[in-house]
Every structure is written in structure tokens, then in C-alpha cells.
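First up is the structure itself, then whatever we jot down about it.
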Amino acid sequence: SMAIHKGDADGLICGTYGTTQLHLHYIDQVLGKREGVNVYAAMNAVILPNRQLVMVDTHVNENPNARELAEITMLAAEEM
């Protein structure tokens, strides 16, 4: 999170230790949400021999409502 904050990194890989909530706690403290954004979500990329897949919010929001899904989708499209 700090490397992103300082401009030394473009992305973050979490998961070797701890839970999603633990990681989000630290990300929230260092980076926070962008102005106007109300929800966190994660993007996961899978690189296969013949194609690449990007999945969004597979493990952050357990039961997102329609507004959250729309926001997550728009943010993911912008990132891609």
C-alpha cells in the first residue's frame, strides 16, 4: 500500500498471510477510497495459454446490491 501511495508501484498482491478484511484494513489506512467511490472490490487476472480472464470482486463483497455492482463494474472497466 505504501509503495502505491508513494508512486513506486501500480498494483498490490495480497494473500500470502492474513484475511481479506485484514488487508483491506491496511489498504484503507494508507490509500483509502478515491473521492466519490463507495465500495472496495478486487480484480483478479488469470493468464491462460489461449486467453486472459479478469474477474472482479470474487471475494470482497459477500452480497453486493445493484448500485454496488454497477459501481464495481464501472471501476473495473475504467481500470482495464
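Condition first: exposed (fewer than 13 other Cβ atoms within 10 Å of the Cβ) and either modelled with pLDDT under 90 or of a type in the set (Lys, Arg) (or both). Now tell me which residues in region 33-44 satisfy that.
The answer is Lys33, Arg34, Asn44.
For region 48-70, give me each residue that is among the small types (Gly, Ala, Ser) and under 22 Å from Gln21 (Cβ atoms).
none
Could you pull out the residue among Asp28, Asp8 that is surrounded by 12 or more Cβ atoms within 10 Å (Cβ to Cβ) and charged (D, E, K, R)?
Result of the check over Asp28, Asp8: Asp28.
Does at least one position in region 6-20 carry a residue that is part of a helix (DSSP H, G or I) and under 21 Å from Glu71 (Cβ atoms)?
Yes, region 6-20 contains a residue that is part of a helix (DSSP H, G or I) and under 21 Å from Glu71 (Cβ atoms).
Taking the options Arg34, Arg67, name whichever one is at negative phi, among the basic types (Lys, Arg) and in contact with a helix residue (DSSP H, G or I) (Cβ under 9 Å, 6 or more places away or on another chain).
None of the others qualify; the one that does is Arg34.
Could you grab the pairs with beta carbons closer than 7 Å, sequence gap of 6+ or different chains, first residue in region 11-40 and more than 23 Å from Met80 (Cα to Cα), second one among the polar types (S, T, N, Q) and part of a loop (DSSP other than H, G, I, E, B)?
Sorted first by the residue in region 11-40, then by its partner, the pairs are Tyr26/Ser1; Val30/Ser1.
I'd like the full set of residues that are of a type in the set (Gly, Ala, Ser) and over 18 Å from Ser1 (Cβ atoms), limited to region 21-64.
Answer for region 21-64, where residues must be of a type in the set (Gly, Ala, Ser) and over 18 Å from Ser1 (Cβ atoms): Gly36, Ala45.
Yes/no per residue for (1) assigned by TED's automatic domain parsing to the domain that holds Gly7; (2) modelled with pLDDT of 90 or more; (3) loosely packed, with under 10 Cβ neighbours inside 10 Å:
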{"position": "Gln21", "(1), (2), (3)": "yes, no, yes"}
{"position": "Arg51", "(1), (2), (3)": "no, yes, yes"}
{"position": "Val56", "(1), (2), (3)": "no, yes, no"}
{"position": "Glu62", "(1), (2), (3)": "no, no, yes"}
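The values are calculated or read from the model by the stated rules, or taken from the named source; none is laboratory data. Everything quoted here is computed from the prediction, not taken from an experiment. FYI the Cβ positions are ideal-geometry reconstructions off the backbone, even for glycines, and counts take in every protein chain you see.
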